[in-house]
């Protein structure tokens, strides 16, 4: 069969489009699989009744957020950079944003679930990135947190650097980001 130059170009474009479409579908399938695993991990952060109606977001490599599920309640859930899944209400998300941006936390109460526990953090330094001999590293099992200025007025909770992670206590006491850690058994 003879093919002119135009026919060859059309055939080449057609083959390229098929290859591009197949590649795009494979990448979309991988993203869907990755998103499904991500959402499964997020589902361990809070009660099912919270997560099922929450907005679920994932951070892109450039730091922007991608919405995987648009929610109908006031909670946003995600897996943090350290691999810890969490869900927070609006005040909790504002508090977390203030922490990440080193800005003043909002003057409101926030609530956060971390029912899968965490990977550990300094109990005294909100910006510590690893355990040292003097930063009072603590790993906490399943817990919830009350965030915001109301914690400053909550008497009766330990504010010590080496608080027992199995009992309620104030983490990052004396900083603008102090919050009440409440273990869930």
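Here the condition is being at pLDDT below 95 and either touching a helix residue (DSSP H, G or I) at 6+ places or on another chain (Cβ under 8 Å) or more than 27 Å from residue 44 (Cβ to Cβ) (or both); of 134, 118, it holds for 134 alone. Scanning for something under 12 Å from the mean Cα position of the chain (by Cα), more than 26 Å from residue 152 (Cα to Cα), surrounded by 11 or more Cβ atoms within 10 Å (Cβ to Cβ) and at pLDDT 95 or above, does the stretch 88-98 turn up at least one residue? No: the stretch 88-98 contains no residue that is under 12 Å from the mean Cα position of the chain (by Cα), more than 26 Å from residue 152 (Cα to Cα), surrounded by 11 or more Cβ atoms within 10 Å (Cβ to Cβ) and at pLDDT 95 or above.
Based on what the data block shows, is residue 40 surrounded by fewer than 16 Cβ atoms within 10 Å (Cβ to Cβ) and at pLDDT below 90? It is false that residue 40 is surrounded by fewer than 16 Cβ atoms within 10 Å (Cβ to Cβ) and at pLDDT below 90.
The values are calculated or read from the model by the stated rules, or taken from the named source; none is laboratory data. For clarity, every value in this text was computed on a predicted model and none was experimentally measured. When we count neighbours, we look across all protein chains shown, and the Cβ atoms used for this are built from the backbone with ideal geometry, even at glycine.
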